[in-house]
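See below for the structure under consideration.
The values are calculated or read from the model by the stated rules, or taken from the named source; none is laboratory data. Quick caveat, the model's predicted, so the values are computed rather than measured. FYI the Cβ positions are ideal-geometry reconstructions off the backbone, even for glycines, and counts take in every protein chain you see.
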Amino acid sequence: MDAHVAQLQMQYRNYILSLYQQGFLDDQFTELKSLQDDGSPDFVAEVLSLFFDDCVKLVGNMARALDQTGTVDFCQVGANVHQLKGSSSSVGAKRVKGLCINFKELCEAKNYEGCVRCLQQVDIEYKTLKAKLQDMFNLEKQIVQAGGIVPQVDIN
Amino acid sequence: MFNPFTTHHSSDMNWALNNPNPEGKEPRTTTQSSDFYHLSAKDSPQKSRKIDFWRSGLMGFAKMQHSVAVKMNNGNNNDQVGNKKGSTFIQEHRALLPKGLILWTIIVGFISRGIYQWMDDTSKVRREEVLVSMCDQRARMLQDQFSVSVNHVHALAILVSTFHYHKNPSAIDQGTFADYTARTAFERPLLSGVAYAEKVVNAEREMFESQHNWVIKTMDTGEPSPVRDEYAPVIFSQDSVSYLESLDMMSGEEDRENILRARETGKAVLTSPFRLLASHHLGVVLTFPVYKASLPRNPTVQERIAATAGYLGGAFDVESLVENLLGQLAGNQAIVVHVYDITNASDPLVMYGNQDEEGDTSLYHESKLDFGDPFRKHKMICRYLQKAPIPLNVLTTVPLFFAIGFLVGYILYGAAVHIVKVEDDFHEMQELKVRAEAADVAKSQFLATVSHEIRTPMNGILGMLAMLLDTELSSTQRDYAQTAQVCGKALIALINEVLDRAKIEAGKLELESVPFDIRSILDDVLSLFSEESRNKGIELAVFVSDKVPEIVKGDSGRFRQIIINLVGNSVKFTEKGHIFVKVHLAEQSKDGAESKPALNGGVASEDITAASKPSSYNTLSGYEAADGRNSWDSFKHLVSSEELLTSSEFDASSNVRLMVSIEDTGIGIPLTAQGRVFMPFMQADSSTSRTYGGTGIGLSISKCLVELMRGQISFVSRPRVGSTFWFTAVFERCDKFSLKKPTVENLPSSFRGMRAIVVDAKPVRAAVTRYHMKRLGISVDVMTSLRTAVSTASGRNGSPLPSGTTKLDMILVEKDSWISTEDIDAEIRQMNSRTNGNVHRKTPKLALFATNITNSEFDRAKSAGFADTVIMKPLRASMIGACLQQVLELRKARQQHPEGSSPATLKSLLTGKKILVVDDNMVNRRVAAGALKKFGAEVVCAESGQVALGLLQIPHSFDACFMDIQMPQMDGFEATRQIRMMEKEAKEKTKLEWHLPILAMTADVIHATYEECLKSGMDGYVSKPFEEENLYKSVAKSFKANPISDSSCSQS
């Protein structure tokens, strides 16, 4: 039992570390986790779900904006990218944030091709992250179910 | 006395002195005030006019009038005393100078005359000597010739006696005699002829006559001679005088005497001179006795007479004789010779010489002549033919002497006159100088007093204006009042400057001596000008050598004033390039200049020399500077010597001499104006003040202050290149701990031991950066290329840092280096992501230095990975510290306190507070809300500015507001402005003070954003995403400044 928990905890720790190492997450995520306490036990999950909802909405917006052949409203796309950038930096989604920075530049340059490519990357990226984090939550759940506590992971 | 200049000023001054009649621009004031100066400047209207300038102004100040009057009088007294003391001998006897010249001339005249006389006498004596010798010579020769002739006659006499008397019959007859005498005439050139007369007594006459067949005739008539006792008829005669035959020689009175005398003495006897019959020359007749029988020894006269047989006579042609004689001698033309027979002393008879021919009567010489006749006396008188000419040497010498003497006298006179004149001038100048100085002192005192007097009412005016501004005013009124206040402040500043200047001149300014930190003073000064320099896009940098002690004792305020002045000037006149303030020990500059190139070996300098481009100058900004001293070539000596010598030698002396140089690349100072730069109220030219404003007093004050600090100030300037001002000042060394109150800024110590790479191609700028970093305790490696830095940092090429360590905390990049490196952004990003991915490796934080940055550049920077921070220049250690703290310090703090004490304090601060979070981004909003809730705050969210405004309608119950800046429709700045406006309106209506602390939430970390925040009325800012430390600091600050309890009280 304990061994199982310990194993799960180990797995969880490694998984988190890998997320950091592969650049999916950054310090801000740690920060976010530190905000979660007894007062708000599902804070992280809540924020993340907000974030992913946001992603869906914004990516959809952008896709629609970019779909319009002829006159593409880069301003609108830019605003959406800015939103996404803010959100991603708030949750510590490092890769998404990085893409957004690029995206914004392309947007300002009114580079249609680049924007479309970037949008696709963002789409893939946030979905990947979502899957990864889903896995993480699953692991957490398992640990809690096994009677253990979710360990604090010191990424430094 | 009156001139328009004076009037103008007097009226001005009187106006300043609350003259009740400001329109009274009449000379009246001048005439009133002129009395005073008449005390001291009575005699010189010209001088008093100069002082007029200040005079009228002085009238207002009875106190000062006194002191100045005393001073002026003192000055005059001193002057007079000095006059007396200083006057020389020449000065005192100036009246005698022309007399002296005349006297001198007379003396010289007398001396010349003396010399003339002496020379003349000498020549006369010589002339006389010559005459004497010539005369004597002639006389002797004449005598000799004469006696030779006499001897010949004597010989003839003996011949006659021998052959006529002793032979029997006589061997001589007339024929023989004539023949013989003719043939021997060459022996007697002077004798025209000789004849022999026989002594015939009367008794024998008959017989004689018959014997010779002729009768004895007399000489004068040629008649047969009357009967006499004795006769002397000529029996033999030379052919030339054959007419004498048969003439009785004794018939002539004189001849008879001669004959008698001759036979008595037995010697040749001469007649007095007479005209010879034949030649009509003057001549004398020589008579020689011929005795019959041989005479006994010492015969008596009787015996002689008895023995006399006859007489031989000859006519001496004296004239020819002398003529001949003189002809043989040199110089005969020069003298006139007279020969006199002076037997009768009272009636000298001329024997030779033309009586008409006088010659030079002034000088003559007599020589006695002895022709062998004791009865007859002769003399020769010689004279010069011509009067003695004045000798040439006398003619030249004497006038020359006189001329020289006169000239010498005149020169001496001229010199004396000149000396007198110069001395007079000197005294006059001295007097003027004293007056001018007194006037200057008076001016300074006047200025000081006036400035002081103006300051008092000005302060009143400003105070009243401030109070007026606090009352309710319409916007126009407020505008007027504010303008008035600004003007008043400018006026006060100007007056203070003038006062300073005047105080310094009056010697009233005293320097303080308090410990202060030079570096922080310089940082302060820099921050004053940061805004302006940033707007102009010029680099402003400061560098303080490590050898300069941290704390020195001196007048920090005045030091600051000098630097502000100089830097202010530089900023004013510089449009591009840089301004570089450098402080080091005065001794160090020498070291630097002397240090050998070998000193600065090493990696750093190699990099630098490789990077330096020939096209640009090695200065801070790459623009050419006027003074080469701050260019890298010499600057590196300073830096390198510093590295080698730091703390190795600590000067034991208590004073430290600092050298501060301020280099700019501005318009420079025109060469013509360079001489008067430090003169008060002088600017390069009048157009300068029109273009740039200013009074031109600053530099002169700086100069005075520097001199008070026992230093010097100077500058090098090249028009259109720039100026470098430098000054030295002496401060006391001071113990580091003697600084009681902490300086304004306390540099954070948390950076100690960190390492950083500075990427900068300009070595001087890199050195400045390094200096600031060093103060923070960060050791710095300088790299010239961003690419190398990036590759070093990412460890791709495996090369360690120059310093040998691999630990690296940050990379600081100069904007130029970043811009100029193409395609580096991707690499930076890559490095960032890679290092971030590697959790075992510390991320070197990136920061960008920039003087100014455009929005697009800023975004590019952010995207490239400089999102961490952009540090705006001018660099200051405290600012770098603050910026870096944002990047580094937080993480560190978090590491140190995993659970942290700060959340607890934050909690205490935020618990129970109602906070509004305004953010358009739902996720952000949620995160912020989550964070704040965690610290016990009650959080209300708003997704836009409009919503927030709705929630914040007064009265509301919020304690604080966190506002996102970048929001669609209404951004955070605008929202804040509206909130503030609402608060103001509420205050006007309800008289209740409303101030909601508003904190900006922003991802931008550049300073400028912060300033913008404050401008729009925000109280602070927190960086997004929330970090506890940062949050706590901002919240604590703004809550402290505006206690929430107050606002909540007022609201309840």
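Observations on the structure shown:
- Number of residues in region B:920-953 that are more than 14 Å from every other protein chain (Cβ to nearest Cβ) and in contact (Cβ under 8 Å) with a residue 60 or more places away in the chain: the value is 0.
- Residue check, A:Ile149 away from chain B (no Cβ under 14 Å), assigned to a loop (DSSP other than H, G, I, E, B) and out of contact with any Leu (no Cβ under 8 Å at 6 or more places or on another chain): yes
- Exactly one residue among B:Ser112, B:Ser170, B:Ser147 is more than 30 Å from B:Tyr410 (Cα to Cα) and either in contact with a Pro (Cβ under 7 Å, 6 or more places away or on another chain) or touching a residue at least 24 places away in the same chain (Cβ under 8 Å) (or both), and that residue is B:Ser147.
- Residue within region A:121-137 that is assigned to a helix (DSSP H, G or I), hydroxyl-bearing (Ser, Thr, Tyr), within 14 Å of chain B (Cβ to nearest Cβ) and in contact (Cβ under 8 Å) with a residue 60 or more places away in the chain present: yes
- Matching residues, region B:954-970, being within 14 Å of another protein chain (Cβ to nearest Cβ), touching a strand residue (DSSP E or B) at 6+ places or on another chain (Cβ under 8 Å), assigned to a loop (DSSP other than H, G, I, E, B) and over 15 Å from B:Asp1019 (Cβ atoms): B:Gln966, B:Met967
- Looking only at region A:93-115, and only at residues there that are more than 28 Å from A:Gln21 (Cβ to Cβ) and surrounded by 21 or more Cβ atoms within 10 Å (Cβ to Cβ), the one that is nearest to the other protein chains (Cβ to nearest Cβ): A:Cys107
- The residues of region B:184-206 that are of a type in the set (A, V, I, L, M, F, W, C) and either buried (at least 18 other Cβ atoms within 10 Å of the Cβ) or outside the structural domain of B:Met351 (by the TED database) (or both), listed by number, are B:Leu190, B:Leu191, B:Val194, B:Ala195, B:Ala197, B:Val200.
- Pairs, first more than 8 Å from chain B (Cβ to nearest Cβ) and more than 18 Å from A:Leu19 (Cα to Cα) in region A:80-92, second β-branched (Val, Ile, Thr) and assigned to a helix (DSSP H, G or I), C-beta under 8 Å, six or more apart: A:Leu84/A:Val59; A:Leu84/A:Val96; A:Leu84/A:Val122; A:Lys85/A:Ile101
- Only one of A:Ser18, A:Ser90, A:Ser40, A:Ser34 that is crowded, with 23+ Cβ neighbours inside 10 Å, polar (S, T, N, Q) and closer than 29 Å to A:Val144 by Cα: A:Ser90
- For region B:392-403, the tally of residues that are surrounded by 15 or more Cβ atoms within 10 Å (Cβ to Cβ) and more than 51 Å from the chain's Cα centre (by Cα) stands at 1.
- In the set (1) within 12 Å of chain B (Cβ to nearest Cβ); (2) crowded, with 22+ Cβ neighbours inside 10 Å; (3) over 27 Å from A:Val150 (Cβ atoms), the condition left unmet by A:Lys57 is number (2).
- Residue-level check: of (1) in the same structural domain as B:Ser661 (by the TED database); (2) within 26 Å of B:Leu509 (Cα to Cα); (3) at pLDDT below 85, B:Ser738 misses just (1).
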